[in-house]
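In what follows, a structure is listed as structure tokens, so that the remarks can point back to it.
The values are calculated or read from the model by the stated rules, or taken from the named source; none is laboratory data. Please read these numbers as outputs of a predicted model, since none were measured by experiment. Neighbour counts run over all protein chains shown; Cβ positions are idealised from the backbone, glycine included. SASA here: full protein model, heavy atoms, side chains in, ligands and nucleic acids out. Shrake-Rupley method; radii C 1.70, N 1.55, O 1.52, S 1.80 Å.
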Amino acid sequence: MDEEKLIKKLESVQPPSLSSATHQRQLKLVLMSAKRSSWIGLFLVTVPCLFLFGVILKYGFRVGIPLLSAVEEKMSEMDHTFFRFVPPLLLVGGPLVALALNLLAILHFQIDRVHRELQVTVKLRIINLFILGICLLILAMIFMYAVAENGTPFLPRR
């Protein structure tokens with residue numbers, strides 16, 4: 001084959017199109033960057049981690065660290081002012097937002113309407129999974145504290 005025949009043959013070939021319905025259904029949109037969500041998650045989890053670490057050291061092991069005790073005292077002072085919503089927002093809201101952001105970064109959903117299936121893909125990003133674990137641990141500790149402090153929260157008191 002000489003060069004002219006090859007050029008004519010290539011010009012007659014139709015380029016592939018990606019506008020088919022199957023390709024459009026397989027498009028996965030990333031709602032949040034994994035790197036950005038991990039940094040935001042680390043930022044949102046820092047204060048609750050410091051607070052809980054300080055409380056565990058102070059009341060569990062009887063070791064007082066001045067910086068961590070200052071964080072606990074500041075939150076306790078804020079509880080008696082107009083800004084009493086800030087400590088629960090930091091301790092519960094921060095980990096919840098970090099949990100949601102990191103889940104959005106590593107989970108991808110795909111709906112196959114023909115077979116009526118939902119496919120969930122989890123990207124194994126170590127830092128995002130680590131932050132998810134920290135968030136779940138913080139939320140579990142706060143929930144266990146609330147249950148232990150108030151008894152059974154779902155049953156009325158007598």
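In the set Ser33, Ser37, which member is out of contact with any strand residue (DSSP E or B) (no Cβ under 8 Å at 6 or more places or on another chain), at pLDDT 85 or above and either of a type in the set (D, E, K, R) or closer than 15 Å to Leu103 by Cα (or both)?
So the residue among Ser33, Ser37 that is out of contact with any strand residue (DSSP E or B) (no Cβ under 8 Å at 6 or more places or on another chain), at pLDDT 85 or above and either of a type in the set (D, E, K, R) or closer than 15 Å to Leu103 by Cα (or both) is Ser37.
The single residue among Leu104, Leu137, Leu90 that is in a helix (DSSP H, G or I) and within 10 Å of the chain's Cα centre (by Cα) turns out to be Leu104.
Within the stretch 124-146, residues that are loosely packed, with under 12 Cβ neighbours inside 10 Å sit with their Cβ atoms under 8 Å from residues that are part of a helix (DSSP H, G or I), at 6+ positions apart or across chains, in these pairs: Leu124/Ile106. Every condition in (1) open to solvent by less than 70 Å² (accessible area, probe 1.4 Å); (2) in contact with a Phe, Trp or Tyr (Cβ under 7 Å, 6 or more places away or on another chain); (3) not acidic (Asp, Glu) is met by Val92 except one, and the failing one is (2). Answer with yes or no whether Gly54 is under 25 Å from the mean Cα position of the chain (by Cα), closer than 29 Å to Gln119 by Cα and either surrounded by 14 or more Cβ atoms within 10 Å (Cβ to Cβ) or modelled with pLDDT under 90 (or both). Here the answer is no, as Gly54 does not meet what is asked. Pairs meeting the criteria (first residue in the stretch 93-116 and closer than 14 Å to Phe130 by Cβ, second residue hydroxyl-bearing (Ser, Thr, Tyr) and open to solvent by 40 Å² or more (accessible area, probe 1.4 Å), beta carbons under 7 Å, at least 6 apart or on different chains) are Ala105/Ser33.
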